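Quick notes on the structure that follows.
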Amino acid sequence: MQVNGCEEGVAGMTLAAYLAYRKYQPDRVVVECNQKIVARELYATWLLKDTDVLEIVTFMGGG
Amino acid sequence: MYLKLLRLWEVVEMEEKDRPTEAALDQVLCERHGARVHRRLKGARVGIAGLGGLGSNIAMALTRAGVGALKLVDFDKVELSNLNRQHYSLEHLGLYKTEALGRQLLAVNPYLDLALAPVRISRSNLAQLFEGCDILCEAFDVPENKAMLVNGALELLPQVPVVAGSGIAGYGPANEIITRRMNARLYICGDNHSEIKPEQGLMAPRVLVCAAHQANMIVRLLLGENTI
């Protein structure tokens with residue numbers, strides 16, 4: 001599967017587990033899976049598949 | 001609390017005979033932009049979430065461009081520490097940012113249709129706050145709030161494009177600040193990596209570069225251009 005343009009062999013993991021594995025802060029991200037936004041309450045049960053294309057945006061502070 | 005300010009001439013101290021008419025303002029903008037562009041911008045309503053360095057400057061840019069209606073939402077009041085980058089001055093200290101900014105915008109275009117909400121935005125009220133807006137502009141400060149708003153808007157406000165900011169701190173190269181299109185409805189402006197840290201605080205030049213990116217993307221979307 002692809003995450004932000006890079007290959008990742010993490011199919012079978014939940015999205016929540018992947019975010020923790022890559023040290024993302026889940027309350028600072030927006031996640032898009034196959035061009036659809038994943039609702040936050042689904043992260044814990046969202047299973048990643050080999051064919052998925054993921055985009056993860058982390059917001060930086062400042063405004 | 002919900003407050004609506006409408007074309008308050010007391011904001012601008014001017015003799016009645018000296019006041020420009022709405023038709024006169026339309027005419028100068030039509031001459032600059034063309035009638036089609038002016039009509040579309042004037043007919044648009046943009047929601048701005050957060051009136052700090054990004055939001056206050058974006059609102060001013062959109063008002064000058066001729067956007068006809070703005071919904072401004074921020075619970076905060078103007079403080080001394082805001083003046084390094086936000087569109088306020090000493091006379092505004094202690095005022096709600098909605099009111100302080102609203103007065104300045106009306107001094108540029110007294111016919112602006114302005115809706116002000118000095119409230120805290122949450123997932124539970126955002127759909128109601130920004131109902132009827134053609135575009136939502138994310139201009140918060142705190143990253144968790146940015147993510148909450150963007151996630152919430154994409155889920156709860158179908159059809160509304162979101163233009164957000166991320167990565168503006170410090171004095172790194174201005175050319176690192178770009179506009180990215182994440183999907184059909186989400187645009188993110190900024191350098192995507194600069195965090196606030198010692199000697200890399202928020203400074204007007206870079207914040208204004210990002211604000212201009214966001215305002216320009218909003219104008220493009222309003223005029224039917226969805227590429228970056």
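When the range B:164-174 is examined, which residues are found to be loosely packed, with under 14 Cβ neighbours inside 10 Å and more than 21 Å from B:VAL219 (Cβ to Cβ)?
Passing the criteria: B:TYR171, B:PRO173.
Is it the case that B:GLY132 is closer than 16 Å to B:LEU72 by Cα, away from chain A (no Cβ under 14 Å) and not in a helix (DSSP H, G or I)?
Working: closer than 16 Å to B:LEU72 by Cα: yes; away from chain A (no Cβ under 14 Å): yes; not in a helix (DSSP H, G or I): yes.
So B:GLY132 passes the test.
Considering (1) buried (at least 19 other Cβ atoms within 10 Å of the Cβ); (2) without any contact (Cβ under 8 Å) to a residue 24 or more places away in the chain, say which one B:PRO198 fails and leave the rest.
In the conditions (1) buried (at least 19 other Cβ atoms within 10 Å of the Cβ); (2) without any contact (Cβ under 8 Å) to a residue 24 or more places away in the chain, B:PRO198 misses (1) alone.
Taking the range B:136-195 as the region of interest, how many residues are at the interface with chain A (Cβ under 9 Å from one of its Cβ atoms) and of a type in the set (S, T, N, Q)?
The number of residues fulfilling the criteria is 6.
How about the range A:8-42: which of its residues are acidic (Asp, Glu) and assigned to a loop (DSSP other than H, G, I, E, B)?
Start the filter on the range A:8-42 by keeping residues that are acidic (Asp, Glu), which leaves A:8, A:27, A:32, A:41.
The one that is acidic (Asp, Glu) and assigned to a loop (DSSP other than H, G, I, E, B): A:GLU8.
Say whether the condition of being among the hydroxyl-bearing types (Ser, Thr, Tyr) and touching a His at 6+ places or on another chain (Cβ under 6 Å) is met by at least one residue in the range B:49-65.
Step one: filter the range B:49-65 for residues among the hydroxyl-bearing types (Ser, Thr, Tyr), giving B:56, B:63.
Right, trim to touching a His at 6+ places or on another chain (Cβ under 6 Å) and you get B:56.
Yes, that holds for at least one residue.
If you check B:ALA65, B:ALA59, which single one turns out to be within 14 Å of chain A (Cβ to nearest Cβ) and of a type outside the set (Ser, Thr, Tyr)?
Details: B:ALA65 fails: within 14 Å of chain A (Cβ to nearest Cβ).
The conditions single out B:ALA59.
Being more than 10 Å from chain A (Cβ to nearest Cβ) and not hydroxyl-bearing (Ser, Thr, Tyr) is the requirement here; does B:ALA117 meet it? Outline the logic, then answer.
Working: more than 10 Å from chain A (Cβ to nearest Cβ): yes; not hydroxyl-bearing (Ser, Thr, Tyr): yes.
So B:ALA117 fits the description; yes.
Only one of (1) over 28 Å from B:CYS210 (Cβ atoms); (2) at pLDDT 95 or above; (3) more than 11 Å from chain B (Cβ to nearest Cβ) fails for A:MET1. Which number is that?
(2)
I'd like the full set of residues that are modelled with pLDDT of 95 or more and away from every other protein chain (no Cβ under 14 Å), limited to the range A:11-45.
A:MET13, A:THR14, A:ALA16, A:ALA17, A:TYR18, A:ALA20, A:TYR21, A:ARG22, A:LYS23, A:ALA44, A:THR45
The values are calculated or read from the model by the stated rules, or taken from the named source; none is laboratory data. Not measured: the values here are computed from a predicted model. As a convention, Cβ positions derive from the backbone with ideal geometry for all residues, glycine included, and neighbour counts pool all protein chains shown.
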